[in-house]
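Taking it in order: structure first as structure tokens, then the write-up.
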Amino acid sequence: MKSMSVKSLQTGSVIGMLGGGQLGRMMAMSAAQLGFHTHIYCPDERNPGEQVTDKLTRKAYDDREALSVFAQSVDVVTYEFENIPVESVRFLEQHVAVYPSADVLEIAQDRLFEKDFLNKNGIATAAYRAVNTVEEAVDAVAEIGLPAVLKTRRFGYDGKGQVIVRKAEDVPAAWDALGNDRIIVEGFVPFRMEISVLAARGQDGEVCCFTPVENQHKNHILDKSIAPARISADLQEAAVDMATTIITALNYVGLLAVEMFVSDDEPQLRVNEIAPRVHNSGHWTIEACATSQFEQHIRAVCGLPLGGVDLYAQAVMTNLIGDDILQYNDLLREAGANVHHYGKSQARPGRKMGHVTRLYPLGQKLPG
Ligand code: AMP
């Protein structure tokens, strides 16, 4: 569906990026590959993005004066993580095009808005209720059934901001542990696999999805992504259809990650959450496809045609978390290991330090 007018940026234009983590770093590298400059806006000292960007502004995300100067120095703005104040993005939108839009960000930042949006568009999710008191949480759990998951509506990631409740009497302790009064209670989905679809939509409304990928977690953090996900062709198609419906309904420009549960009961696919940005579960696209998720995002926000997403090989991406980065030298000696180091100097537990992607011929059984 072609729905929007396209403003293609010339090479040499400057892409402004909010956030300077590893995702921003890899986006900046793709931008450079396509002949664009980048200007990263990030409050953090020693961020991974600053090593590879043309320009850096180190200011707070709500510093209107700095945002205004930043807006004047760039041709388009995008972001690499979703916890930027929506008001800052709305402010930037008055001066320069921002993709994805503040309206999209507002939906994606709040689990309630997100689930309401998905259900309104016919996309299945876990059963859910928004609650503001512990009494309401107890009632919601009674209604939805056990086990249930209590989650903060905002700012949750890598399993933070959520507690599984297996017995009704555990609800008050879970409530206290979250220490927040804007909570969503979700039914527990008995999934057999978690997958994601990296979908991209151009300024002209063209949608292009990478093959669904299977995600395995350790300690609530993504450990491995395996592409393609080991599900039937019918389910793969259904997952891509769902992602296409979502990205189109959002009138989105850029790359969107759609995380889904695959279960054996009906409906087999339920969306867990969407991330309005490039995503850890898409790093394998750097080596396994003609266009990476990072390049695809840059193409979309710059008004360029989307690139090819055919899978050239099976891929297994493994995150290097904390001390895993000590494997760096061994990995360099391993033929076929595509090693990525994010340039972070300190390896704290749980910190994403890099990743490694290994490719295998299509159709071959994967090792392990
Ligand atoms: P989230 O922060 O929503 O991405 O959740 C992190 C992880 O917790 C997911 O990847 C799942 O493994 C698990 N999880 C979250 N919500 C549910 C649910 N409603 N049912 C089952 N598992 C869940």
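For segment 141-179, enumerate the residues that are within 15 Å of the ligand (Cβ to nearest atom), in a loop (DSSP other than H, G, I, E, B) and of a type outside the set (A, V, I, L, M).
Matches in segment 141-179: Gly145, Pro147, Arg153, Arg154, Phe155, Gly156, Asp158, Gly159, Gly161, Arg166.
In segment 1-19, is there at least one residue being open to solvent by less than 40 Å² (accessible area, probe 1.4 Å) and farther than 25 Å from Gly202 by Cβ?
no
Applying the selection to segment 180-197, what residues are within 16 Å of the ligand (Cβ to nearest atom) and surrounded by fewer than 22 Cβ atoms within 10 Å (Cβ to Cβ)? Write out each step before concluding.
If we filter segment 180-197 for residues that are within 16 Å of the ligand (Cβ to nearest atom), which is where we start, we get 180, 182-197.
Within segment 180-197, Asn180, Arg182, Gly187, Phe188, Val189, Pro190, Phe191, Arg192, Met193, Glu194 qualify.
This table checks each residue for (1) in the same structural domain as Arg64 (by TED's automatic domain parsing); (2) closer than 30 Å to Leu320 by Cβ; (3) touching a residue at least 40 places away in the same chain (Cβ under 8 Å).
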| site | (1), (2), (3) |
| --- | --- |
| Lys7 | no, no, yes |
| Gly21 | yes, yes, yes |
| Arg25 | yes, yes, yes |
| Ala28 | yes, yes, no |
| Leu34 | yes, yes, yes |
| His37 | yes, yes, no |
| Cys42 | yes, yes, no |
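Among the residues of segment 184-226 satisfying the criterion of being within 21 Å of Thr318 (Cα to Cα) and among the basic types (Lys, Arg), which is farthest from the chain's Cα centre (by Cα)?
Out of the qualifying residues, it is Arg192.
Go through segment 5-29 and give me each residue that's closer than 24 Å to Leu67 by Cβ and in a helix (DSSP H, G or I).
Listed by number, the residues that qualify are Gln22, Leu23, Gly24, Arg25, Met26, Met27, Ala28.
State whether the residues of segment 51-61 include one that is modelled with pLDDT of 95 or more, open to solvent by 30 Å² or more (accessible area, probe 1.4 Å) and assigned to a strand (DSSP E or B).
Yes, the conditions are met somewhere in segment 51-61.
Which of the residues spanning segment 62-86 are open to solvent by 60 Å² or more (accessible area, probe 1.4 Å), assigned to a helix (DSSP H, G or I) and touching a strand residue (DSSP E or B) at 6+ places or on another chain (Cβ under 9 Å)?
Val69
Restricting attention to segment 59-80, does a residue exist that is farther than 29 Å from Glu114 by Cα and aromatic (Phe, Trp, Tyr)?
Yes - at least one qualifying residue is present in segment 59-80.
Cβ-Cβ below 6 Å, separation at least six or inter-chain, first residue in segment 150-164 and open to solvent by less than 40 Å² (accessible area, probe 1.4 Å), second more than 8 Å from the ligand (Cβ to nearest atom) and of a type outside the set (A, V, I, L, M, F, W, C): which pairs?
The qualifying pairs are Thr152/Asn180; Arg153/Asp110; Arg153/Arg182; Gly161/Thr152.
For segment 213-249, which residues satisfy the criterion of being of a type outside the set (A, V, I, L, M, F, W, C) and within 15 Å of the ligand (Cβ to nearest atom)? Don't jump to the end; show me each part of the working.
Initial filter on segment 213-249 (of a type outside the set (A, V, I, L, M, F, W, C)): 214-220, 223-225, 228, 230, 232, 234, 236-237, 241, 244-245, 248.
Answer for segment 213-249, where residues must be of a type outside the set (A, V, I, L, M, F, W, C) and within 15 Å of the ligand (Cβ to nearest atom): Glu214, Asn215, Gln216, His217, Lys218, Asn219, His220, Asp223, Lys224, Ser225.
Take Ile107 and tell me if it is more than 10 Å from the ligand (Cβ to nearest atom) and in contact with a Phe, Trp or Tyr (Cβ under 6 Å, 6 or more places away or on another chain).
On the way: more than 10 Å from the ligand (Cβ to nearest atom): yes; in contact with a Phe, Trp or Tyr (Cβ under 6 Å, 6 or more places away or on another chain): yes.
In short, yes.
With respect to the numbered conditions (1) open to solvent by less than 40 Å² (accessible area, probe 1.4 Å); (2) outside the structural domain of Ala60 (by TED's automatic domain parsing); (3) within 21 Å of Thr245 (Cβ to Cβ); (4) more than 13 Å from the ligand (Cβ to nearest atom), which one is the sole condition not fulfilled by Ser101?
(2)
From Val138, Val89, which residue is assigned to a helix (DSSP H, G or I), more than 12 Å from the ligand (Cβ to nearest atom), outside the structural domain of Leu256 (by TED's automatic domain parsing) and closer than 27 Å to Arg351 by Cβ?
On the way: Val138 fails: closer than 27 Å to Arg351 by Cβ.
Unique residue meeting the criteria: Val89.
As an exercise: evaluate Ala200 against (1) among the aliphatic types (A, V, I, L, M); (2) more than 14 Å from the ligand (Cβ to nearest atom); (3) open to solvent by 40 Å² or more (accessible area, probe 1.4 Å) and give the number of the one condition it does not meet.
(3)
The values are calculated or read from the model by the stated rules, or taken from the named source; none is laboratory data. Because the structure is predicted, anything quoted here is derived from the model rather than measured. Virtual Cβ from ideal backbone geometry, glycine too; neighbours counted across all protein chains shown. Accessible surface is based on the protein model in full, side chains and every heavy atom, while ligands, DNA and RNA are left aside. Shrake-Rupley method; radii C 1.70, N 1.55, O 1.52, S 1.80 Å.
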